[in-house]
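Remarks on the structure that follows.
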Amino acid sequence: MRKRDIAEAIIVNNKSEILLQKKSLDYPIIPGGYWSVFGGEIENGETPEQALKREIKEEIEFNINKFKLFRIKDYKLSVGFYGKRYIFEVLFDREIFNIILKEGAGFAFFNISEINSIKLEPLCLEILKEYFQEQQSLITKKRNKLK
């Protein structure tokens, strides 16, 4: 088993849709054809935030400015990796045509109702369910304060 900490991005647009990456068929860690969040390994000497910025720049040519830590979770994969997942919420404040895909087989924005109907990498599905549940909880709290 090899320790491999990773930084991942839940990239959200102004419609509360999540930007996901379709993994290429030859991707060695997640089965090809699955959808997942963008991100990757934290290199030696990098903070999770630095890795996040580097990975997103490498993968979709997007310089992120507005982001916050959402979760830190332990993970273990059958392909021999384990470590911590630093999951950030990232605001995408541009149009989709500004994305230049440099890694993966494709990308798309998905809303909450579409998430369960796509072939989503299991760890990603888990975190997106948590994310959407938390967002719904925040909306409910705001509505209750208005009453």
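Name the pairs whose Cβ atoms lie under 6 Å apart, with the first residue in the range 128-139 and assigned to a helix (DSSP H, G or I), the second surrounded by 11 or more Cβ atoms within 10 Å (Cβ to Cβ) and modelled with pLDDT of 90 or more, and 6 or more positions between them or separate chains?
Close Cβ pairs (under 6 Å, with a partner that is surrounded by 11 or more Cβ atoms within 10 Å (Cβ to Cβ) and modelled with pLDDT of 90 or more) amount to Tyr131/Ile10.
Say whether the condition of being in contact with a strand residue (DSSP E or B) (Cβ under 9 Å, 6 or more places away or on another chain), of a type in the set (Asp, Glu), surrounded by 12 or more Cβ atoms within 10 Å (Cβ to Cβ) and under 24 Å from Arg4 (Cα atoms) is met by at least one residue in the range 113-126.
Yes: one or more hits.
Evaluate the following for Glu121: is it under 23 Å from Leu25 (Cβ atoms), free of Cβ contacts under 8 Å to residues at least 24 places away in the same chain and not small (Gly, Ala, Ser)? Working first, answer last.
Numbers: under 23 Å from Leu25 (Cβ atoms): yes; free of Cβ contacts under 8 Å to residues at least 24 places away in the same chain: no; not small (Gly, Ala, Ser): yes.
Judged against the criteria, Glu121 is not a match.
Given the criterion over 25 Å from Ile118 (Cα atoms), basic (Lys, Arg) and surrounded by fewer than 12 Cβ atoms within 10 Å (Cβ to Cβ), identify the matching residue among Lys102, Lys76, Lys53, Lys68. Can you show your working first?
On the way: Lys102 fails: over 25 Å from Ile118 (Cα atoms); Lys76 fails: over 25 Å from Ile118 (Cα atoms); Lys53 fails: surrounded by fewer than 12 Cβ atoms within 10 Å (Cβ to Cβ).
None of the other options fit; the residue is Lys68.
Go through (1) of a type outside the set (Val, Ile, Thr); (2) farther than 19 Å from Tyr131 by Cα; (3) without any contact (Cβ under 8 Å) to a residue 24 or more places away in the chain and name the single condition Gly106 misses.
(3)
Could you tell me which of the residues Glu89, Glu59 is within 21 Å of Leu128 (Cα to Cα) and crowded, with 20+ Cβ neighbours inside 10 Å? Give the steps one after another, and end with the answer.
Details: Glu89 fails: crowded, with 20+ Cβ neighbours inside 10 Å.
Every option except Glu59 fails the conditions.
The values are calculated or read from the model by the stated rules, or taken from the named source; none is laboratory data. This one's a predicted model, so the numbers in the text were calculated from it and none came from an experiment. Heads up, the Cβs are rebuilt from the backbone with ideal geometry, glycines too, and the neighbour counts pull from every protein chain shown.
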